[in-house]
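Every number in this text was worked out from the coordinates using simple rules, so none of it is lab data. Nothing here was measured: the structure is a model prediction, and the numbers come from that model. In this analysis, Cβ positions are derived from the backbone assuming ideal geometry, glycine residues included, and neighbour counts consider all displayed protein chains.
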Amino acid sequence: MSFIWFCLVSYGLTQIIVYGKIFDKIRPTEGRMGELFCCPMCMGFWVGLFLWFVKDYTQLFNFDNSFVTALLLGFASSAASYVGSMIFGDEG
């Protein structure tokens, strides 16, 4: 159940960062950062790493402190964000 919550949270946070109007004024549009901030799969990876980093501050999901786990959660978050984007693909 913890992994399902992780995937839902990573998808939601990625959608807000990539498509949310609240970030329109500060979201980069050019260069490498612009590419990162317009790609749900790319941003999903970094969101997964961020969620692994802040896991100790929530009881919603618990994972170990291994860097391999962090990498795998980044991959899973990227996949969840991409699949979610394709299923609900209205691009914000």
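Cysteine residues of the chain whose C-beta has no other cysteine C-beta under 4.7 angstrom: CYS7, CYS38. Scaled against 2.2 N^0.38 Å for its residue count N, the alpha carbon radius of gyration of the stretch 32-92 is 1.19.
Relative contact order, whole percent, for the chain stands at 39, derived from Cα pairs under 8 Å and 6 or more residues apart.
Sparsely packed loop sites in the stretch 1-85 (the trypsin sites (Lys or Arg not before Pro) outside DSSP H, G, I, E and B with at most 10 other Cβ atoms within 10 Å) comprise LYS25.
Here is how the number arises for the chain: DSSP H runs of 4 or more residues each give -39500 (n - 2.57), the sum is divided by the residue count, and the result at 222 nm is -21500 deg cm²/dmol.
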